[in-house]
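**Q** One structure coming up, written as structure tokens, with questions to follow.
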Amino acid sequence: MMKNVIFIAPPAAGKGTQSSILENLGYVHLSTGDMLRKEINSNSALGNEIKDLVNSGSLVSDDIVIELIQNNLKNLDKPFILDGFPRTLNQAVQLDKLFSELNIDNYEVIYLNLDMESALKRTLGRIVCECGKSYNIYYDDLKPQQEGVCDNCGKNLIKRNDDNEESFKVRFKTYESNTLPIVEYYQNKKKLNEIDATKSSDEVASIIRGIL
Ligand code: AMP
């Protein structure tokens, strides 16, 4: 079986895009961001509680995302991708506990390294479909075939509420202070694979296939 994957990356580095490619190879895509946006769009109690935090680019509490991951990691019969989790050292430690309960050791951490300027440009150019696929109007290889329409399902593409410059700044800062320490954590566990995410999505995808 192919190895499970944990993505660590700044905003818009390509976690979602690479996850879509891996889904086509038989992976289950577990994105805490997608799960939280679904809660927000459904106007659930949880959704209303976290809406302002997510739109402004702040993190929601560790307890909320840990529970989401816990519920989704059970009873999987396919390899999985964790996209957007863990994002804090505490989440990484909690994930280790969960992994040992579930006897999971077959995984690699993929760290998509991207500078702030490129991450900002990608964030501002990103458009997404509610099916989970994302596109970028600034890159020819990431544009939809038909402007504003999803290649996969034909629905209209929209901008995420947090893909503006103000929220981006919060997200990038949060990434540097809360998420980068996890890179060292997984380095010490010999699970870390760093990829230069300024490469094209095809190049990144083929490096990832080599790792898995
Ligand atoms: P993403 O789709 O991964 O960019 O996540 C979008 C937003 O969801 C983040 O900016 C956070 O507000 C929230 N979020 C996603 N994953 C987590 C997490 N692991 N911990 C805390 N907040 C998260």
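The values are calculated or read from the model by the stated rules, or taken from the named source; none is laboratory data. Because the structure is predicted, anything quoted here is derived from the model rather than measured. Note that we place each Cβ from the backbone using ideal geometry, even for glycine, and neighbour counts take in every protein chain shown.
**Q** In region 179-212, which residues are over 16 Å from residue 109 (Cβ atoms) and under 16 Å from the mean Cα position of the chain (by Cα)?
**A** 201, 205
**Q** Here's a follow-up. Within region 158-212, how many residues are outside any helix (DSSP H, G or I) and touching a Leu at 6+ places or on another chain (Cβ under 6 Å)? Can you show your working first?
**A** First pass over region 158-212, keeping only residues outside any helix (DSSP H, G or I): 158-164, 189-200, 212.
Among the residues that remain, those that are also touching a Leu at 6+ places or on another chain (Cβ under 6 Å) are: 195, 197.
Qualifying residue count, region 158-212: 2.
**Q** Tell me which residues, restricted to region 118-157, are more than 20 Å from residue 24 (Cβ to Cβ), buried (at least 19 other Cβ atoms within 10 Å of the Cβ) and in contact with a Leu (Cβ under 6 Å, 6 or more places away or on another chain).
**A** 127 - this is the single residue of region 118-157 that is more than 20 Å from residue 24 (Cβ to Cβ), buried (at least 19 other Cβ atoms within 10 Å of the Cβ) and in contact with a Leu (Cβ under 6 Å, 6 or more places away or on another chain).
**Q** Something else: Against the definition (of a type in the set (Lys, Arg), within 16 Å of the ligand (Cβ to nearest atom) and on the phi < 0 side of the Ramachandran plot), how does residue 173 come out, yes or no? Break it down stepwise before answering.
**A** On the way: of a type in the set (Lys, Arg): yes; within 16 Å of the ligand (Cβ to nearest atom): yes; on the phi < 0 side of the Ramachandran plot: yes.
Yes.
Residues are listed down the side, and each one gets a yes or a no for (1) hydroxyl-bearing (Ser, Thr, Tyr); (2) modelled with pLDDT under 95; (3) more than 21 Å from residue 199 (Cβ to Cβ):
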position	(1), (2), (3)
6	no, no, no
42	yes, no, yes
48	no, no, yes
63	no, no, yes
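**Q** State the number of residues belonging to region 154-170 that are more than 14 Å from the ligand (Cβ to nearest atom) and among the acidic types (Asp, Glu).
**A** Matching residues across region 154-170 total 1.
**Q** Can we say residue 199 is over 26 Å from residue 93 (Cβ atoms), in contact (Cβ under 8 Å) with a residue 12 or more places away in the chain and surrounded by fewer than 18 Cβ atoms within 10 Å (Cβ to Cβ)? If you could, list the steps in order and put the result at the bottom.
**A** Details: over 26 Å from residue 93 (Cβ atoms): yes; in contact (Cβ under 8 Å) with a residue 12 or more places away in the chain: no; surrounded by fewer than 18 Cβ atoms within 10 Å (Cβ to Cβ): yes.
Taking the combined requirement at face value, the residue does not satisfy it.
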